[in-house]
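A.B. asks: Sharing a structure with you now.
The values are calculated or read from the model by the stated rules, or taken from the named source; none is laboratory data. Quantities reported herein were computed from a predicted structural model and do not represent experimental measurements. Cβ: placed from backbone, ideal geometry, glycine included. Neighbour counts: every protein chain shown.
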Amino acid sequence: MKHLFYLSLFLLVSVGLRAQQRILSGNVVSATENAPVSGASVYVKGTNTGTLTDTQGNFKLSISKGSTLVVSAIGFQSQEILLSNQNSLNVRLEAAANQLGEIEVVGSRNASRTRTDSPVAVDVIDLKPLKESAPQVSITQLLQYVSPSFHSVNGSNAGDAGSALNLSQLRGLGVDQVLVLVNGKRRHKSSNVNWGGLGNGATGYDLNSIPTGAIERVEILRDGAAAQYGSDAIAGVINLVLRKSTDELTATSTLSTRRRGDGATSRTSANYGFALGNRGGFFNATAEFATQGISLTPGRNDAGLYNGPIYGGGANTRAYDAIYTKEIDEALLAKRGIDRHFFDQRGGGSNKAKDALLFFNAAVPLKEEAEIYAFGGISHRNSQFTAVYRLPGWTERTNSFLYPDGFLPAMDNIITDKSLTLGIKGKIHNWNVDVSNVYGKNDFGNVITNSINASLGLKSPTSFDAGKYNASQNTASLDISRYFDRVLKGLNVAFGAQYRVETYQIIAGEEASYSKADLRTIYDLDTTTAGIPFLNNAGSVALNGLSPGSQIHAGFRPANEVNVNRSISAGYVDLEANLTTAWLLSGAFRVENFSDFGNVTTYKVATRYKFADWLNIRGSYNTGFRAPDLAQFYYTETSTSFQQGRAIDQVTASNKSAATRALGFPSLTPEKSKGYTIGFTSQPVRKVELTADAYWVDVDNRVGNTGNFSATDTNLPLEVRNLFVQTGTTQAKFFYNSFSTRTKGLEFTGSYKTPFRGGQLTFLVGGNFVSNEVTKVNTPKGLEAYRYIIFNEGEKARVTSNIPSQKVTIQAFFHQGRFNYLLRTVYFGSVTTAAAQNATFPKPDYFFQKLNPIWVTDLSFGYRLTSAIQVTAGVNNLFDILGDYTQVPSLRNPTVVGIQNGSAGIQPFARLSAIF
């Protein structure tokens with residue numbers, strides 16, 4: 001009876017609340033053309049209640065008397081409307097072509113251009129419904145599950161410091177071949193050179209250094225745009241548009257955990273804005289704090305259960321010697337009071353991490369046609385990566401007095417990211433003029449804990465400052481544009497100039513983090529012409545063979561320190577003309593000069609033809625380029641990899657090093673591309689919108705890492721052999737423009753929005769089918785015998801088969817009164833991995849494994865407790881899809897490779913949101 005009473009009370013309260021509301025029907029059109037505005041945002045101010053207009057500009061919304069309705073759309077001025085008792089509403093939006101402060105749809109400098117009539121593919125993703133309903137909380141994961149051409153997975157799939165980042169790709173191209181803008185201004189990159197994962201040997205953009213709560217929408221230009229925006233934009237452009245809301249406090253907190261109770265995450269965000277004056281000025285700020293618990297490698301109940309030799313066997317021994325017996329090992333485990341799970345690898349899912357972020361966006365009108373604007377922020381992240389357990393039987397790498405049971409080394413990456421943009425824009429004789437300066441800096445510190453420098457013996461510390469590095473970028477820009485409505489059927493002219501300075505610095509770590517204590521100088525006895533004997537330095541030799549430097553990652557040496565910079569100047573022209581009411585033609589031309597390697601010229605043409613009101617055909621051709629980052633020129637590091645179960649110390653040599661030159665590798669040059677697209681946009685029936693685009697991108701002379709040159713190769717130059725001795729390593733790799741690729745693909749998107757049972761129902765579908773192939777390998781003269789090492793199978797797999805060649809997203813959103821629902825499933829196609837087994841000359845051995853496709857399904861349910869407070873609960877990966885286990889013969893414990901989607905199994909979540 002008690003349960004029946006509470007149920008009855010709940011129903012009565014629900015009916016009472018619904019009785020206070022009514023359904024408002026409306027229509028939104030453009031004031032100048034009287035044409036319907038599809039995809040306009042219509043929401044009740046101060047609440048989570050909102051919807052989008054359909055293809056005819058119609059909407060339906062549940063509202064209360066006295067509510068204020070906010071109507072906005074890209075390219076139009078927003079309106080706020082106080083509602084009384086009306087049940088219908090017609091809204092006419094004024095074009096925002098002359099409105100200051102509005103950000104254009106990326107890819108066009110015509111402020112009134114929309115995504116449906118653009119000559120190139122542009123996705124405009126409103127984050128508001130995703131932040132309310134989606135299980136994901138970081139911007140990279142939100143986009144991973146909604147944009148079919150976007151790909152990003154958990155950073156721990158990369159190695160060492162790269163595990164702290166979730167880098168991003170577009171159209172299956174490199175993480176360093178996409179450009180990121182914030183409010184239309186160039187963003188700086190991370191200073192880290194990534195190893196493994198999506199971007200081996202590449203630097204990329206750390207999107208997660210910007211709080212999700214600060215972002216209003218994301219614009220993704222899926223087309224080469226180097227001629228418009230400069231270096232990196234080979235695959236496309238991601239523009240993050242910051243929030244500008246005022247008189248509104250938005251707060252949200254999300255908690256989630258994985259199926260084993262590990263990997264718990266939290267993210268809490270608060271956003272508040274207030275008006276500056278009464279002429280449209282604003283200041284909007286976001287504070288965000290996030291935590292991530294370490295997650296175990298997913299898999300079977302016994303996954304990670306170590307069953308190899310622990311106390312017996314020699315260093316890196318795979319053919320177990322006579323000292324080891326299972327009985328001895330088990331007896332030692334029992335005596336120590338531990339079991340084999342003590343030696344499990346902790347990583348493989350996600351790092352332990354804490355993030356604190358603060359961001360702002362502001363503008364102040366100076367007079368009617370001018371304003372000062374500013375945005376930027378600071379973020380701080382501490383991310384801990386744990387590597388492979390160093391077993392007590394590995395006598396080359398541990399010390400039984402310091403670590404009787406071996407040790408699990410950890411790397412703490414302390415990352416600080418800062419940015420600030422200042423600008424002024426206004427009108428001068430009907431020309432829009434924008435002068436801005438953007439500064440950004442990324443600092444990356446490396447602290448190694450629970451480790452050892454084995455070559456120091458008992459004198460070794462167990463924690464190390466392994467050094468740090470940073471990169472900065474300062475960009476000054478002048479952008480000028482004007483729209484001529486009486487030239488042809490409309491002509492937009494834009495041109496400008498840019499001056500950018502980039503810096504890169506490496507700071508050495510403490511001596512114990514890199515030293516090799518047993519290194520001794522060798523002397524030869526020689527004589528002068530007068531017969532006087534003397535000692536001649538003949539090089540160095542390692543005496544005891546114990547592993548040098550802090551394990552997991554050796555520190556930077558004083559010889560590795562650099563503090564370099566370069567300057568880049570650029571000029572561009574961008575034209576867009578409506579030749580007729582149906583035919584649009586655009587073109588861009590850009591010249592850039594780099595102080596370190598000279599000039600680069602790029603151009604682009606694009607067109608769109610409207611065959612009917614429901615069908616547009618579009619196409620483009622572009623040339624592009626990507627300048628090698630300073631880090632790729634100057635980065636040097638020493639780390640450990642595992643091949644057939646054996647720990648191998650490797651050195652990555654700077655492109656500017658003597659060893660690199662001695663081998664015959666030239667200085668890096670820019671990657672250059674040619675891209676072609678053809679597609680259509682269509683609204684075949686009311687409320688349905690479709691797009692499809694085929695693309696072809698050729699990239700020449702891509703920068704990558706070579707495979708591993710071996711210290712056992714007696715044919716290597718003296719400079720390379722000295723590199724091995726000085727660093728205590730046995731393999732070396734180098735940066736080089738080693739290969740060219742061809743990428744072909746097909747993208748499609750579809751949407752259907754309709755009122756349903758008093759609410760708004762939205763269906764979205766999207767897909768990307770991509771194929772990558774290597775078209776050429778660049779082998780320097782004299783190194784023909786090393787062809788399979790210069791470009792190895794591992795690097796080939798990374799650029800051709802290490803990401804899903806098919807990705808399809810299908811999702812449905814439903815809003816009704818106080819309720820909202822999300823049901824989504826994403827298909828990730830198969831991938832093929834290549835694991836190095838050795839450094840055999842002339843062709844190393846690799847183990848290939850194909851991982852089968854997977855479907856990942858999300859479900860969530862939200863309920864608005866009051867007009868200001870909403871609760872949401874749901875689950876990511878509802879059916880606990882893990883993907884395939886590894887089958888590498890040398891690995892004794894099957895683990896899951898998460899490179900398809902980064903998933904570690906089912907992950908429930910709960911969220912509390914409030915708007916005041």
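A.B. asks: Quick check on this structure: which one of Gln849, Gln870, Gln837 is under 30 Å from Gly759 (Cβ atoms) and modelled with pLDDT under 95?
C.D. replies: None of the other options fit; the residue is Gln870.
A.B. asks: Could you say which residue among Ala235, Ala202, Ala226 is within 28 Å of Gln806 (Cβ to Cβ), touching a Leu at 6+ places or on another chain (Cβ under 6 Å) and crowded, with 22+ Cβ neighbours inside 10 Å?
C.D. replies: Of Ala235, Ala202, Ala226, the one residue that is within 28 Å of Gln806 (Cβ to Cβ), touching a Leu at 6+ places or on another chain (Cβ under 6 Å) and crowded, with 22+ Cβ neighbours inside 10 Å is Ala235.
A.B. asks: Answer yes or no as to whether Thr840 is more than 30 Å from Ile915 (Cα to Cα), among the polar types (S, T, N, Q), buried (at least 17 other Cβ atoms within 10 Å of the Cβ) and in the same structural domain as Ile648 (by TED's automatic domain parsing).
C.D. replies: No.
A.B. asks: Condition test on Ala363, is it buried (at least 20 other Cβ atoms within 10 Å of the Cβ), under 30 Å from Leu458 (Cα atoms) and of a type in the set (A, V, I, L, M)?
C.D. replies: No.
A.B. asks: Looking at (1) buried (at least 24 other Cβ atoms within 10 Å of the Cβ); (2) out of contact with any Asp or Glu (no Cβ under 9 Å at 6 or more places or on another chain); (3) modelled with pLDDT of 90 or more; (4) of a type outside the set (D, E, K, R), which is the one condition that is false for Phe150?
C.D. replies: (2)
A.B. asks: Something else now. Based on this model, can you work out whether Tyr483 counts as buried (at least 18 other Cβ atoms within 10 Å of the Cβ) and out of contact with any Phe, Trp or Tyr (no Cβ under 8 Å at 6 or more places or on another chain)?
C.D. replies: yes
A.B. asks: Still on this structure: In the list Tyr504, Tyr523, which residue meets the criterion of being outside the structural domain of Gly426 (by TED's automatic domain parsing) and in contact (Cβ under 8 Å) with a residue 12 or more places away in the chain?
C.D. replies: Tyr523
A.B. asks: I would also like to ask the following. Please go through segment 778-826 and pick out each residue that is within 27 Å of Asp176 (Cβ to Cβ), in contact with a strand residue (DSSP E or B) (Cβ under 7 Å, 6 or more places away or on another chain) and either part of a strand (DSSP E or B) or among the hydroxyl-bearing types (Ser, Thr, Tyr) (or both).
C.D. replies: Thr800, Ser801, Ser805, Gln806, Lys807, Val808, Thr809, Val826
A.B. asks: May I pose another question? Please indicate, with yes or no, whether at least one residue in segment 263-270 is outside any strand (DSSP E or B) and over 30 Å from Asn593 (Cβ atoms).
C.D. replies: yes
A.B. asks: If you don't mind, another one. Kindly indicate whether any position in segment 552-560 is touching a Ser or Thr at 6+ places or on another chain (Cβ under 6 Å), assigned to a helix (DSSP H, G or I) and surrounded by 21 or more Cβ atoms within 10 Å (Cβ to Cβ).
C.D. replies: Within segment 552-560, one or more residues are touching a Ser or Thr at 6+ places or on another chain (Cβ under 6 Å), assigned to a helix (DSSP H, G or I) and surrounded by 21 or more Cβ atoms within 10 Å (Cβ to Cβ).
A.B. asks: Oh, and also: Just checking, does segment 178-191 include any residue being crowded, with 24+ Cβ neighbours inside 10 Å, farther than 28 Å from Ser620 by Cβ and either at pLDDT 90 or above or aromatic (Phe, Trp, Tyr) (or both)?
C.D. replies: For segment 178-191, residues crowded, with 24+ Cβ neighbours inside 10 Å, farther than 28 Å from Ser620 by Cβ and either at pLDDT 90 or above or aromatic (Phe, Trp, Tyr) (or both): present.
A.B. asks: Another one. What tally of residues in segment 771-796 results from selecting those that are hydrophobic (A, V, I, L, M, F, W, C) and surrounded by fewer than 19 Cβ atoms within 10 Å (Cβ to Cβ)?
C.D. replies: Going through segment 771-796 one residue at a time, the tally reaches 4.
A.B. asks: Suppose we filter Leu221, Leu242 for residues that are assigned by TED's automatic domain parsing to the domain that holds Glu288 and within 23 Å of Ala356 (Cβ to Cβ); which single one remains?
C.D. replies: After ruling out the rest, the residue left standing is Leu242.
A.B. asks: Could you tell me whether any residue of segment 285-294 is within 30 Å of Gln498 (Cα to Cα) and either acidic (Asp, Glu) or surrounded by fewer than 17 Cβ atoms within 10 Å (Cβ to Cβ) (or both)?
C.D. replies: no
A.B. asks: Tell me, yes or no, whether segment 494-511 has at least one residue that is among the charged types (D, E, K, R), at pLDDT below 90, surrounded by 12 or more Cβ atoms within 10 Å (Cβ to Cβ) and under 30 Å from Ile452 (Cα atoms).
C.D. replies: no
A.B. asks: Ok, one more. Would you mind stating whether Glu288 is of a type outside the set (Lys, Arg), modelled with pLDDT under 95 and either in the same structural domain as Ser133 (by TED's automatic domain parsing) or not in a loop (DSSP other than H, G, I, E, B) (or both)?
C.D. replies: no
A.B. asks: Turning to a different aspect of this structure: How many residues does segment 722-751 hold that are among the aromatic types (Phe, Trp, Tyr) and out of contact with any Ser or Thr (no Cβ under 7 Å at 6 or more places or on another chain)?
C.D. replies: Going through segment 722-751 one residue at a time, the tally reaches 2.
A.B. asks: Which condition does Tyr863 not pass, out of (1) at pLDDT 90 or above; (2) buried (at least 16 other Cβ atoms within 10 Å of the Cβ), if it passes all the others?
C.D. replies: (2)
A.B. asks: Does Gln99 qualify as being out of contact with any Leu (no Cβ under 7 Å at 6 or more places or on another chain) and either among the aliphatic types (A, V, I, L, M) or at pLDDT below 75 (or both)?
C.D. replies: It is true that Gln99 is out of contact with any Leu (no Cβ under 7 Å at 6 or more places or on another chain) and either among the aliphatic types (A, V, I, L, M) or at pLDDT below 75 (or both).
A.B. asks: Go through segment 127-152 and give me each residue that's of a type in the set (A, V, I, L, M, F, W, C), over 26 Å from Ser801 (Cα atoms) and in contact with a strand residue (DSSP E or B) (Cβ under 8 Å, 6 or more places away or on another chain).
C.D. replies: Leu127, Ala134, Val137
A.B. asks: Moving to a separate point now. Among the strands (runs of 3 or more DSSP E) confined wholly to segment 650-763, which include 1 or more residues that are in contact with a Leu (Cβ under 6 Å, 6 or more places away or on another chain) and surrounded by fewer than 17 Cβ atoms within 10 Å (Cβ to Cβ)?
C.D. replies: The qualifying strands (runs of 3 or more DSSP E) are 688-705, 731-756.
A.B. asks: To continue, here is another question. With respect to the numbered conditions (1) at pLDDT below 95; (2) within 21 Å of Arg566 (Cβ to Cβ), which one is the sole condition not fulfilled by Ser515?
C.D. replies: (2)
A.B. asks: Give Pro211, Pro298 a once-over and let me know the one that is crowded, with 23+ Cβ neighbours inside 10 Å and modelled with pLDDT under 90.
C.D. replies: Pro298
A.B. asks: Taking segment 315-345 as the region of interest, how many residues are modelled with pLDDT under 65 and surrounded by 15 or more Cβ atoms within 10 Å (Cβ to Cβ)?
C.D. replies: Residues meeting the conditions: 5.
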